[in-house]
Amino acid sequence: MDYQTLNNSLEIPQIGLGVWRAPNEDAAKAVEWALKAGYRLIDTAAAYKNEDGVGQGIRNSGVPREEIFVTTKLWNSDQGYESTHQAFNDSLEKLGLDYVDLYLIHWPVAGKYKDSWKAMEEIYASGKAKAIGVSNFHQHHLEDLLADAKVKPVLDQIEIHPTLTQEPLRNYLKSIDVAVEAWSPLGQGTILNNPVLVEIGKAHQKTAAQVIIRWHLQNEIIVIPKSVHEQRIQENFDVFDFELSAEEIQKINGLNINERLGADPDNFNF
Ligand code: NAD
């Protein structure tokens, strides 16, 4: 397993399990399978309504808490100073944990995210979140946040996959030492039949999903593919025994069409 060092010196695993759209029972099973397969990063959110299941899966796995990196997120309707503190405590309670490793602002709610950040800085200072960060922030959102922030976000979790490579934003994040984490890294499964990816996979005896995950890793992107199937969870982690060539990476970069599967952070209505 590879780790990246965040700008506050915390180490984060390069691969984690995402659990969006997994109800509590499925999430519990998936988390347990993932931890048994060697994953050490789990990505959930208050909005996924499965923090209970994630906590259950962690306990069922028998893996020591301190070995696991748990991320959860502040939902949009909870943004604001007081409500962020309240929402964070609710998340801890649902997870059954006394700290999380990373707490993220889920979306940049206009007029609210700076107050939320103030509360998150206090949560960070209390030690109940080992790191704080953002999600779905464009460069201008980060510039605005950083103008007043005392603590710099450790990472920005954004939509990235071979058909939305986000190179300008990734370059900006690198320039300010904020790590990049990809959501929907497999394009929600929609690009797994792409002939370029399948062909590259054949050359390495790997699947298209494994090729895409490898592409993220070699681009220094932290990646959180989702699955609730044991075999796929194992498959998505079995990516440390091959390497893509520079030419293969270029070919995958060439699939970019700047196409979002989710909302544009400048134009969301939830
Ligand atoms: P993903 O790109 O990880 O794709 C998941 C889908 O791909 C699965 O549902 C399954 O259909 C398919 N799949 C996965 N592994 C496979 C395999 N080995 N073979 C064949 N098919 C496979 O999509 P995602 O769930 O949208 O994103 C991953 C995680 O990112 C989420 O679970 C969540 O934790 C996070 N996320 C965050 C945000 C945000 O706003 N911050 C938004 C979306 C997702």
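The values are calculated or read from the model by the stated rules, or taken from the named source; none is laboratory data. As the structure is a prediction and not an experimental result, all values here were calculated from the model. Because the Cβ atoms are built from the backbone with ideal geometry, glycine has one as well, and the counts that use them run over all protein chains shown. These accessible areas exclude ligands, DNA and RNA; they are computed on the full protein's heavy atoms, side chains included. Shrake-Rupley method; radii C 1.70, N 1.55, O 1.52, S 1.80 Å.
Things to note:
- Elements of the type helices (runs of 4 or more DSSP H) sitting completely within region 166-238 and holding at least 2 residues that are closer than 16 Å to residue 16 by Cβ, of a type outside the set (Phe, Trp, Tyr) and modelled with pLDDT of 95 or more: these cover 208-218, 230-237.
- Which numbered condition residue 114 fails, given (1) buried (at least 19 other Cβ atoms within 10 Å of the Cβ); (2) over 17 Å from the mean Cα position of the chain (by Cα); (3) more than 21 Å from residue 236 (Cβ to Cβ): (1)
- Only one entry of 156, 90, 177, 148 meets the criterion of being in contact (Cβ under 8 Å) with a residue 24 or more places away in the chain, of a type in the set (Asp, Glu) and buried (at least 23 other Cβ atoms within 10 Å of the Cβ), and that entry is 156.
- Filtered residue count, region 210-241, keeping only those that are under 27 Å from residue 171 (Cβ atoms) and either out of contact with any helix residue (DSSP H, G or I) (no Cβ under 9 Å at 6 or more places or on another chain) or open to solvent by less than 20 Å² (accessible area, probe 1.4 Å) (or both): 14
- Evaluation of residue 171 against (1) surrounded by fewer than 18 Cβ atoms within 10 Å (Cβ to Cβ); (2) in contact (Cβ under 8 Å) with a residue 60 or more places away in the chain; (3) of a type in the set (S, T, N, Q) (one fails), failing number: (2)
- Residue check, residue 21 more than 17 Å from the chain's Cα centre (by Cα) and open to solvent by 40 Å² or more (accessible area, probe 1.4 Å): no
- Restricting attention to region 121-151, the residues that are in contact with a strand residue (DSSP E or B) (Cβ under 9 Å, 6 or more places away or on another chain) and farther than 22 Å from residue 65 by Cα total 10.
- Options 26, 78, 52, 43: the member that is within 16 Å of residue 226 (Cβ to Cβ), open to solvent by 40 Å² or more (accessible area, probe 1.4 Å) and among the acidic types (Asp, Glu): 26
- Unique match (being small (Gly, Ala, Ser) and under 28 Å from residue 115 (Cα atoms)) among 61, 83: 83
- The listed residue being closer than 30 Å to residue 148 by Cβ and within 13 Å of the ligand (Cβ to nearest atom), out of 102, 6: 102
- Any hit, region 4-14, residues being loosely packed, with under 15 Cβ neighbours inside 10 Å, over 16 Å from residue 228 (Cβ atoms) and at pLDDT below 95: no
- Residues in region 190-199 that are in contact (Cβ under 8 Å) with a residue 12 or more places away in the chain, closer than 22 Å to residue 242 by Cβ and open to solvent by 10 Å² or more (accessible area, probe 1.4 Å): 191, 192, 193, 194, 196.
- Some residue of region 61-74 being away from the ligand (no atom under 14 Å from the Cβ), out of contact with any strand residue (DSSP E or B) (no Cβ under 8 Å at 6 or more places or on another chain), open to solvent by 20 Å² or more (accessible area, probe 1.4 Å) and polar (S, T, N, Q): no
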